[in-house]
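The values are calculated or read from the model by the stated rules, or taken from the named source; none is laboratory data. Bear in mind that the values here come from a model prediction, so they are computed numbers and not experimental data. Don't worry about glycine lacking a Cβ; one is built from the backbone with ideal geometry, like all the others, and counts go over all protein chains shown. SASA here: full protein model, heavy atoms, side chains in, ligands and nucleic acids out. Shrake-Rupley method; radii C 1.70, N 1.55, O 1.52, S 1.80 Å.
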Amino acid sequence: DFNLNSKLQNIRGNMEIANTGSGILRLSWNTNFTLNIGGNFQVSNLARFSVSKSQTNNNLVDIRIGKDFLFMSANPLGSWIAEQGNSSIRIDGSFLMNSGLINLNSGSGGTSSNGAAIYVKKDFLLEGGILDARVGFSNRVGDLYFNGTAEQKFVNSGSILGQLNYHLSAGSKVRIRDGQAFVGKSFECGDLTGGATLVVESIDPLGAIQ
């Protein structure tokens, strides 16, 4: 493994993790940490990354992405947005994942409050791969916030395991495309506040919220 020990904090342009060999790139370790990326954050090929690794499960990590988060790594071992502790990824563009595995918690310890929050201002496009929100203490270790000012699309053509909290921020508008669903072990709506709008197109017999 290669550990950056929270030393990388500001990138003006794009950041791409293209090759980590047989290991994983750890952006942070056992400390509070903020990483600012001005452009896209892309993970491709068989690369893997991890943030928010802590032996005490109480560190806070905040990754701010100026454009899109693009996860295209097909590595079945997966990456971690919160490998213990609490992490937030704030995406000014879209979330796009088309293969591989992203874990929102390591599942190896901690409490049900540990996990990752994903904030997205444009579209959430899970076109393939697995977003894993399971942990031994709880089936809810992640939160997905829609906080855009224009209409946002939600696509789930991959797999969401466990359970997410879904939140629509004040003034946001989210469209669940036909055949797609807010899905988890069960659905818990975090909030529909301040005139937030949820547009449901699905004709799935189980509904758009499962």
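Computed from backbone phi, the HN-Hα couplings of segment 71-84 come to 10, 10, 7, 8, 5, x, 6, x, 10, 10, 7, 9, 8, 5 Hz, rounded to whole numbers (Karplus: 6.51 cos²θ - 1.76 cosθ + 1.60, θ = phi - 60°; Gly and Pro given as x).
For the full complex of protein chains and a 1.4 angstrom probe, list K122, K173 by accessible area with the highest value first.
My answer, sorted largest first, is K122, K173.
Past 25 Å, Cα to Cα: identify those pairs from K7/K121; K7/K153; K7/K67, in the order given. Beyond 25 Å: K7/K121; K7/K153.
Counting only protein heavy atoms and using a 1.4 Å probe, the accessible area of T197 comes to about 60 Å². If you sort T20, T31 by accessible surface, 1.4 Å probe, largest first, the order is T31, T20.
Computed from label points 7 Å out along Cα-Cβ, the spacing between L60 and S99 is 3.7 nm.
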